[in-house]
Each structure stands twice: as C-alpha cells, then as structure tokens.
Amino acid sequence: MADQVGVEPVRVGLVGVGVIAETHLAVLAERPDVELDFTVDPRSTGPVVFRGATPPHYGGLAGALDAHRPDLIVLATPTETHADLTVLALTRSKARLLVEKPLVHDLGALRGLDGEAGVRERVFTAHHFAFSPEVDWAAELLAAHPEWGPVTAITSAFYDPYVLRAPEAVASYVSSWMDSGVNQLSMLTRFVDLTGLTSARQFDGGASAWCTVGFRSRGEEGSARLRSSWLTGSSSKESSLVLGRSGVEIWIDHTAMTGFAARGGELVAAFGNDGRTGRKVAHYRPLYASLLSDRPDPVLGFDTAARITAIHLASPAAR
Ligand SMILES: NC(=O)c1ccc[n+]([C@@H]2O[C@H](COP(=O)([O-])OP(=O)(O)OC[C@H]3O[C@@H](n4cnc5c(N)ncnc54)[C@H](O)[C@@H]3O)[C@@H](O)[C@H]2O)c1
C-alpha cells in the first residue's frame, strides 16, 4: 500500500448549502483525503457540521477567497449562478472546480466560459447520472455484447415531484428540460455518441418537456425520445435501450437502480443492488472517486460539458 504520510488533504470550499449540498457533504465526509475548508451561502443556513466541526461560513465566494486557498471549490448553487461563480472562482483562486449540472443555463454563458484561461484543466461538471450503478451495469453489458449490434432506439422518462414547489424549483432548476435533460444526455453518453437535438417542445410553463436526440451506435444512426416532467407525485426515472437488429432490449430503472435485458420472452441479464446505499450517494461516491483520482473521467471534463450543453440548448424551441 502507498505510504500516505505527508500527503496533504484536499481543501474543499462548498458554495451553496441547499438540497444537493447535503449529498456532497455526506460523500466528502467519507473521504479521508479531504477536509472542508469553508462554506458559502448568502441565505442564513444553520451551521454546517462536518466531522463534528463547523468550518468558517461566508455570505459570498469573493469574501471566502480573500481568506482561504482551497484546492477544490464545489459550486452547488442555482443553475443560473453557475457561470458567474465559475468565472469568479477561476480568476480569484487556483482551485479546481466541481460545478453542479448543468454547467451553464445558456449558450452565451458557455461561450464566455470557453474563453477563460484554465477552463479545460480546472472546470469539471457533476454529471452524476453517468455514474449511477445501473448505468454502469448497462454500459458494461453493451460493451460485452458486440454481437447484439447497435442501439437503434432509446426512450427515457424522468419525473420529479416538483409540481407543489414550482416557484422554488424554477428558481433553482429553471425547467424540467434544463434540469433533467442534462441528466438524460450525460447518461446516454455512456451508451451512444450523441449527434444533435432533432426536436424540442416544452409544456406546462417549462414543467414538462418532450425532446428527440439523434445518436450513432456501432456505426448506425438511431434516435432517442426524452420525456421529463414535474407533474407527478413521486420521483420516477427509467430508460429503455432497444437493439433492433438482435431484438435485445435493456431496461434500466434509475430510481430503483436496477436493470434487466430481455430478448422476446427470454431474460438475458439482470441487475439489482443490496439496498444499502441511497441513490444520490450512489452517484456522487464514484463521481468524487473519479474526480479526485489522477485521471478524472472525461464525462466530468469541460469538453464533454460543452458538447452536452450545445445539444441540450441547441434549439430555440427548447428554451
Ligand atoms: N436537488 C437535487 O437533487 C440536485 C441533484 C443534482 C444537481 N442539482 C443541481 O444543483 C444545483 C443546486 O440545486 P439544489 O437542489 O441544491 O438547490 P437549492 O435551492 O436547494 O440550494 C441552492 C443554494 O445555493 C444558495 N445560493 C444562491 N446563490 C448563491 C451564491 N451566489 N453563492 C452561494 N450560495 C448561493 C441558495 O441560498 C441555496 O441555499 C442546481 O444547479 C441543480 O440543478 C440538484
């Protein structure tokens, strides 16, 4: 085993202490290689307790960076604040950044970030759905069975129960397509090469969407249908991949973190879990393991975020 003596912990600054920050804190607290340097939120939140201690808290990132030299800044703030806070962190610190998804809320902000020095080396996006266990399982299954041929069609439906708290959901997540579309797209990059948004419609004041996306799989073109909506009483997220040549279908349930593959009436593979790990921790634990490794997964990198954003926000009809 490597000698850990003398290895400095990664000093983390957490910006935005809302819902998803709880998952970041839970996963960071598990890791002996990190310490929480400070937290930031203009809202008066309760003290953030991390391993029994309360790190200094600030009302703004600029003030925190006057007093700290973090190695990693985690931005877990409302989507429309990501771009400005990313520029601030890039220019006022030397830290790497983990920005919550989606990286930006519009293409102008993406272009602005693209011109920032160090963006490719320092900015990572928390495309957490790409790390979900059932996605991992299905990607490995596909890779192990080239004889099944290309994926020819995909259907994905993501529902979140935000209908009763629509104003707050809109403030933090903008719309169901802005929030879930990026999860659907980053998840699909594990299976196929996305080529572009082919249609986009939003309904219910942005609370629902129906979009189609083209892709290539094993040299052939296919199409994905993406449904998302907040008009529901509970969270439910599923995707199905059809491999039309072989008749194999792969169903993955992202809520239950389960999956199966079938051909006609035959079950060809199945995946379950031991029920011990909550869904968000199951996503963010491998995400942080990858981010803090020597070679972070490219799905976290700026170029992937730029490609996904360009598809996600391609059509004016999608806005
Ligand atoms: N909630 C989820 O399940 C989830 C999952 C994955 C990703 N995300 C993404 O994470 C981001 C935050 O989502 P959330 O659900 O935690 O939202 P939230 O509204 O619960 O929390 C956001 C927090 O950021 C704070 N904030 C606002 N402006 C700030 C600023 N300039 N500096 C510091 N703090 C600021 C707010 O006061 C709030 O406490 C969004 O981009 C969302 O898409 C959320």
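The values are calculated or read from the model by the stated rules, or taken from the named source; none is laboratory data. Computed from a predicted structure; not experimentally measured. Please note: Cβ atoms are built from the backbone with ideal geometry, for glycine as well, and neighbour counts cover all protein chains shown.
Some points to look at:
- Residue within the stretch 230-239 that is within 19 Å of the chain's Cα centre (by Cα), on the phi < 0 side of the Ramachandran plot and exposed (fewer than 14 other Cβ atoms within 10 Å of the Cβ) present: yes
- Listed by first and then second residue, the pairs with beta-carbon distance under 7 Å, at least 6 apart or on different chains, first residue in the stretch 169-186 and assigned by TED's automatic domain parsing to the domain that holds Tyr159 and under 19 Å from Asp41 (Cβ atoms), second part of a helix (DSSP H, G or I) and within 11 Å of the ligand (Cβ to nearest atom), are Ser172/Thr79; Tyr173/Thr79; Tyr173/Asp179.
- The sole residue among Pro102, Pro161 that is within 13 Å of the ligand (Cβ to nearest atom), in a loop (DSSP other than H, G, I, E, B) and buried (at least 20 other Cβ atoms within 10 Å of the Cβ) is Pro102.
- Arg92 surrounded by 15 or more Cβ atoms within 10 Å (Cβ to Cβ) and in contact (Cβ under 8 Å) with a residue 12 or more places away in the chain: no
- Between Thr23, Thr45, Thr54, the distinction of being polar (S, T, N, Q) and within 22 Å of Leu287 (Cβ to Cβ) belongs to Thr23 only.
- When we screen Arg276, Arg227 for residues that are basic (Lys, Arg) and exposed (fewer than 14 other Cβ atoms within 10 Å of the Cβ), the only hit is Arg276.
- Residue identified as among the aliphatic types (A, V, I, L, M) and surrounded by 19 or more Cβ atoms within 10 Å (Cβ to Cβ) among Ala207, Ala289, Ala262: Ala207
- Conditions (1) more than 19 Å from Met187 (Cβ to Cβ); (2) out of contact with any Ser or Thr (no Cβ under 8 Å at 6 or more places or on another chain); (3) at pLDDT 95 or above; (4) not in a loop (DSSP other than H, G, I, E, B); number of the one not met by Lys94: (4)
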